[in-house]
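K.L.:
Got a structure here, written out as C-alpha coordinates. Questions coming.
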Amino acid sequence: MKKKTAVEKANDDFLAELTVEPLTKSNWGKFEELFGEKGACGNCWCMFFRLPPTEFVEGKVDNVNKAKKKELVWQGKPTGILCCYEGKAIGWCALAPRKDFPKLQKSRVHKPIDDKPVWSIPCFFIHKDFRRMGVSVAMLKGLIAYAKKSKIKILEAYPTIPTQDKWPDSFLWIGLYKSFERAGFKIVDRKSKNRPMVRYYVD
(Lines give C-alpha, C1' and ligand atoms only; values in the text may rest on other atoms or scores of the structure.)
Protein backbone atom coordinates (compact mmCIF):
# COMPACT_ATOMS: atom_id res chain seq x y z
CA MET A 1 0.00 0.00 0.00
CA LYS A 2 1.29 3.42 -0.98
CA LYS A 3 2.37 5.51 1.99
CA LYS A 4 0.37 8.70 2.43
CA THR A 5 2.06 12.05 2.11
CA ALA A 6 1.99 14.65 4.90
CA VAL A 7 -0.61 16.61 2.91
CA GLU A 8 -2.83 13.56 2.51
CA LYS A 9 -2.55 12.78 6.23
CA ALA A 10 -3.43 16.36 7.10
CA ASN A 11 -6.49 16.19 4.84
CA ASP A 12 -7.55 12.90 6.47
CA ASP A 13 -7.23 14.53 9.90
CA PHE A 14 -9.33 17.47 8.70
CA LEU A 15 -12.09 15.21 7.35
CA ALA A 16 -12.13 13.22 10.59
CA GLU A 17 -12.96 16.40 12.51
CA LEU A 18 -16.04 17.26 10.44
CA THR A 19 -19.42 16.99 12.12
CA VAL A 20 -22.99 17.23 10.81
CA GLU A 21 -26.06 18.74 12.41
CA PRO A 22 -29.59 19.47 11.22
CA LEU A 23 -30.49 23.10 10.56
CA THR A 24 -32.49 24.52 13.47
CA LYS A 25 -33.23 27.88 15.06
CA SER A 26 -30.18 27.49 17.28
CA ASN A 27 -27.69 27.23 14.40
CA TRP A 28 -29.45 29.46 11.86
CA GLY A 29 -26.58 31.93 12.19
CA LYS A 30 -24.10 29.32 10.91
CA PHE A 31 -26.30 28.67 7.89
CA GLU A 32 -26.73 32.36 7.21
CA GLU A 33 -22.98 32.95 7.36
CA LEU A 34 -22.26 30.00 5.05
CA PHE A 35 -24.75 31.14 2.40
CA GLY A 36 -23.65 34.78 2.63
CA GLU A 37 -25.15 37.75 0.84
CA LYS A 38 -25.77 35.74 -2.34
CA GLY A 39 -27.83 33.09 -0.56
CA ALA A 40 -25.32 30.45 -1.78
CA CYS A 41 -26.05 31.23 -5.43
CA GLY A 42 -28.32 33.92 -6.90
CA ASN A 43 -30.36 34.34 -3.70
CA CYS A 44 -31.58 30.76 -3.90
CA TRP A 45 -31.41 29.99 -0.16
CA CYS A 46 -32.04 26.37 -1.17
CA MET A 47 -35.67 27.03 -2.08
CA PHE A 48 -35.44 26.03 -5.76
CA PHE A 49 -36.99 22.59 -5.26
CA ARG A 50 -39.63 23.85 -2.84
CA LEU A 51 -41.30 26.62 -4.84
CA PRO A 52 -43.08 27.05 -8.19
CA PRO A 53 -40.72 28.64 -10.77
CA THR A 54 -42.34 32.07 -10.80
CA GLU A 55 -42.53 32.26 -7.02
CA PHE A 56 -38.91 31.17 -6.72
CA VAL A 57 -37.66 33.82 -9.17
CA GLU A 58 -39.71 36.56 -7.49
CA GLY A 59 -38.34 35.41 -4.14
CA LYS A 60 -34.81 36.31 -5.18
CA VAL A 61 -35.71 39.97 -4.57
CA ASP A 62 -35.66 41.51 -1.08
CA ASN A 63 -34.56 38.22 0.53
CA VAL A 64 -38.00 36.67 0.18
CA ASN A 65 -36.55 33.18 -0.40
CA LYS A 66 -34.42 33.60 2.69
CA ALA A 67 -37.47 34.58 4.73
CA LYS A 68 -39.37 31.54 3.50
CA LYS A 69 -36.48 29.26 4.41
CA LYS A 70 -36.30 30.81 7.86
CA GLU A 71 -40.04 30.32 8.34
CA LEU A 72 -39.68 26.60 7.61
CA VAL A 73 -36.85 26.32 10.13
CA TRP A 74 -38.77 28.26 12.79
CA GLN A 75 -41.70 25.88 12.25
CA GLY A 76 -39.37 23.01 13.10
CA LYS A 77 -39.60 21.40 9.67
CA PRO A 78 -36.64 19.40 8.31
CA THR A 79 -34.75 21.37 5.68
CA GLY A 80 -31.20 20.10 5.60
CA ILE A 81 -27.87 19.30 7.20
CA LEU A 82 -24.91 21.54 8.00
CA CYS A 83 -21.37 20.18 7.83
CA CYS A 84 -19.19 21.93 10.41
CA TYR A 85 -15.49 22.33 11.08
CA GLU A 86 -14.27 23.89 14.31
CA GLY A 87 -17.75 25.17 15.05
CA LYS A 88 -18.25 26.85 11.68
CA ALA A 89 -20.50 25.61 8.85
CA ILE A 90 -18.51 24.82 5.71
CA GLY A 91 -21.07 22.70 3.87
CA TRP A 92 -24.79 22.15 3.41
CA CYS A 93 -27.08 19.62 1.81
CA ALA A 94 -30.84 19.76 1.63
CA LEU A 95 -32.61 16.86 3.35
CA ALA A 96 -36.35 16.39 3.82
CA PRO A 97 -39.15 14.00 2.90
CA ARG A 98 -39.50 13.90 -0.87
CA LYS A 99 -43.06 15.22 -0.65
CA ASP A 100 -41.64 18.51 0.68
CA PHE A 101 -40.00 19.17 -2.70
CA PRO A 102 -42.82 19.81 -5.22
CA LYS A 103 -40.36 20.19 -8.10
CA LEU A 104 -39.25 16.58 -7.58
CA GLN A 105 -42.81 15.36 -7.32
CA LYS A 106 -43.56 16.85 -10.74
CA SER A 107 -40.28 15.82 -12.38
CA ARG A 108 -40.60 13.65 -15.49
CA VAL A 109 -37.02 12.39 -15.19
CA HIS A 110 -37.04 11.79 -11.45
CA LYS A 111 -40.64 10.86 -10.81
CA PRO A 112 -41.10 8.53 -7.79
CA ILE A 113 -40.30 4.91 -8.61
CA ASP A 114 -42.37 3.60 -5.68
CA ASP A 115 -44.43 4.81 -2.74
CA LYS A 116 -41.81 4.18 -0.06
CA PRO A 117 -41.12 6.94 2.53
CA VAL A 118 -38.07 8.46 0.86
CA TRP A 119 -36.02 11.39 2.14
CA SER A 120 -34.44 13.39 -0.69
CA ILE A 121 -31.06 15.11 -0.99
CA PRO A 122 -31.59 17.42 -3.98
CA CYS A 123 -28.75 19.91 -3.56
CA PHE A 124 -25.35 20.72 -2.06
CA PHE A 125 -23.33 23.77 -1.21
CA ILE A 126 -19.74 23.76 0.04
CA HIS A 127 -17.79 26.89 0.92
CA LYS A 128 -15.29 27.73 -1.81
CA ASP A 129 -12.34 27.38 0.59
CA PHE A 130 -13.18 23.72 1.25
CA ARG A 131 -14.03 22.36 -2.18
CA ARG A 132 -12.20 19.40 -3.76
CA MET A 133 -11.09 18.16 -0.35
CA GLY A 134 -13.52 15.27 0.11
CA VAL A 135 -16.03 17.24 2.16
CA SER A 136 -19.06 16.07 0.16
CA VAL A 137 -18.29 12.38 0.79
CA ALA A 138 -17.60 12.99 4.48
CA MET A 139 -20.82 14.99 4.75
CA LEU A 140 -22.83 12.20 3.11
CA LYS A 141 -21.36 9.64 5.50
CA GLY A 142 -22.28 11.89 8.40
CA LEU A 143 -25.75 12.30 6.94
CA ILE A 144 -26.16 8.52 6.77
CA ALA A 145 -25.22 8.27 10.45
CA TYR A 146 -27.75 11.01 11.21
CA ALA A 147 -30.41 9.13 9.22
CA LYS A 148 -29.79 5.97 11.25
CA LYS A 149 -30.18 7.90 14.47
CA SER A 150 -33.33 9.59 13.17
CA LYS A 151 -34.86 6.31 11.89
CA ILE A 152 -34.89 7.53 8.28
CA LYS A 153 -34.99 4.37 6.15
CA ILE A 154 -34.29 5.52 2.57
CA LEU A 155 -32.10 8.36 1.29
CA GLU A 156 -32.50 9.39 -2.33
CA ALA A 157 -30.58 11.84 -4.53
CA TYR A 158 -30.28 12.95 -8.16
CA PRO A 159 -26.60 13.77 -8.79
CA THR A 160 -24.85 14.48 -12.04
CA ILE A 161 -22.32 12.44 -14.00
CA PRO A 162 -20.32 15.20 -15.74
CA THR A 163 -19.85 14.94 -19.49
CA GLN A 164 -16.58 16.84 -19.33
CA ASP A 165 -13.55 16.88 -17.03
CA LYS A 166 -14.05 20.34 -15.58
CA TRP A 167 -17.35 21.96 -14.71
CA PRO A 168 -17.91 25.33 -13.00
CA ASP A 169 -18.73 24.76 -9.33
CA SER A 170 -22.11 26.47 -9.80
CA PHE A 171 -23.18 23.58 -12.08
CA LEU A 172 -22.50 20.96 -9.41
CA TRP A 173 -25.03 22.04 -6.80
CA ILE A 174 -26.98 18.78 -7.27
CA GLY A 175 -23.89 16.81 -6.25
CA LEU A 176 -21.54 14.52 -8.14
CA TYR A 177 -22.47 10.89 -8.64
CA LYS A 178 -18.95 9.75 -7.72
CA SER A 179 -19.35 11.33 -4.26
CA PHE A 180 -22.58 9.42 -3.65
CA GLU A 181 -21.00 6.22 -4.99
CA ARG A 182 -18.09 6.59 -2.56
CA ALA A 183 -20.55 7.06 0.29
CA GLY A 184 -22.34 3.82 -0.60
CA PHE A 185 -25.31 5.00 -2.68
CA LYS A 186 -26.51 2.82 -5.58
CA ILE A 187 -28.26 3.73 -8.84
CA VAL A 188 -31.95 2.72 -8.74
CA ASP A 189 -33.23 4.51 -11.85
CA ARG A 190 -31.58 5.93 -14.93
CA LYS A 191 -34.16 7.61 -17.12
CA SER A 192 -31.53 10.31 -17.54
CA LYS A 193 -28.09 9.10 -18.64
CA ASN A 194 -26.24 11.86 -16.78
CA ARG A 195 -28.68 12.39 -13.88
CA PRO A 196 -29.27 8.99 -12.26
CA MET A 197 -31.49 8.47 -9.25
CA VAL A 198 -29.48 6.96 -6.40
CA ARG A 199 -30.50 5.56 -3.05
CA TYR A 200 -29.00 4.46 0.23
CA TYR A 201 -31.06 1.98 2.23
CA VAL A 202 -30.32 2.71 5.87
CA ASP A 203 -29.87 -0.31 8.15
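K.L.:
Under 10 °C and 1.306 mPa s, how fast does the stretch 102-164 diffuse according to Stokes-Einstein, given a Kirkwood radius computed over C-alpha pairs? Answer in µm²/s, whole number.
P.N.:
Taking Rh from Cα pairs, D becomes 115 µm²/s.
K.L.:
Here is a further query. What net charge do the residues around GLN75 carry, taking every other residue with its C-beta under 12 Å from that of GLN75, with Lys and Arg at +1 and Asp and Glu at -1?
P.N.:
Once all neighbours under 12 Å are counted, the net charge is +3.
K.L.:
On the accessible surface of the chain, probed at 1.4 Å, how many percent belong to carbon and sulfur atoms?
P.N.:
54
K.L.:
Could you identify which residue out of ASP115, ASP13, ASP62 has the top mean-square fluctuation in a GNM of the chain using Cα springs shorter than 10 Å?
P.N.:
Residue with maximal mean-square fluctuation among ASP115, ASP13, ASP62: ASP115.
K.L.:
Once every DSSP H run of n ≥ 4 in the chain is given -39500 (n - 2.57) and the sum is divided by its residues, what mean residue ellipticity at 222 nm do you get, rounded to the nearest 500 deg cm²/dmol?
P.N.:
Per the formula, -8500 deg cm²/dmol.
K.L.:
Just in the stretch 1-97: which trypsin sites (Lys or Arg not before Pro) are loop by DSSP and have at most 13 other Cβ atoms within 10 Å?
P.N.:
Those satisfying the criteria are LYS2, LYS3, LYS4, LYS38.
K.L.:
How far is the Cα center of the stretch 137-166 from the Cα center of the stretch 12-65, in Å?
P.N.:
If you average the Cα positions of each part, the centres end up 17 Å apart.
K.L.:
So, R0 is 35 Å and r is the distance between the beta-carbons of LYS193 and ASN11; what FRET efficiency does that work out to, to 0.05?
P.N.:
Computed FRET efficiency for LYS193 and ASN11 comes out at 0.60.
K.L.:
In straight Cα distance, which lysines are under 20 Å from LYS9, not counting same-chain residues fewer than 8 positions off?
P.N.:
Leaving aside lysines fewer than 8 places away in the same chain, those within reach of LYS9 are LYS141.
K.L.:
Starting from 0 in steps of 5 Å, tell me what percent of the Cα-Cα pairs of the chain lands in each bin.
P.N.:
Spelled out bin by bin, the chain gives 1, 7, 15, 20, 22, 17, 11, 4, 2, 1, 0 percent.
K.L.:
Under a crude label model (7 Å from the Cα following the beta-carbon direction), how far is LYS77 from THR163 in nanometres?
P.N.:
In this crude spin-label approximation the distance works out to 3.5 nm.
K.L.:
May I ask which of LYS38/LYS66; LYS77/LYS149; LYS111/LYS151; LYS99/LYS193; LYS68/LYS99 have a Cα-Cα span longer than 22 Å here?
P.N.:
From LYS38/LYS66; LYS77/LYS149; LYS111/LYS151; LYS99/LYS193; LYS68/LYS99, over 22 Å: LYS111/LYS151; LYS99/LYS193.
K.L.:
Using +1 on the beta carbon of Lys and Arg, -1 on that of Asp and Glu, and nothing else charged, what's the dipole of the chain about the Cα centre, debye to 20?
P.N.:
Computed about the Cα centre, the dipole is about 700 debye.
The values are calculated or read from the model by the stated rules, or taken from the named source; none is laboratory data. Only a predicted model underlies this, so the values are computations on that prediction, with no experimental measurement involved. In this analysis, Cβ positions are derived from the backbone assuming ideal geometry, glycine residues included, and neighbour counts consider all displayed protein chains. Surface areas here come from the heavy atoms of the whole protein model, side chains and all, with no ligands, DNA or RNA. Shrake-Rupley method; radii C 1.70, N 1.55, O 1.52, S 1.80 Å.
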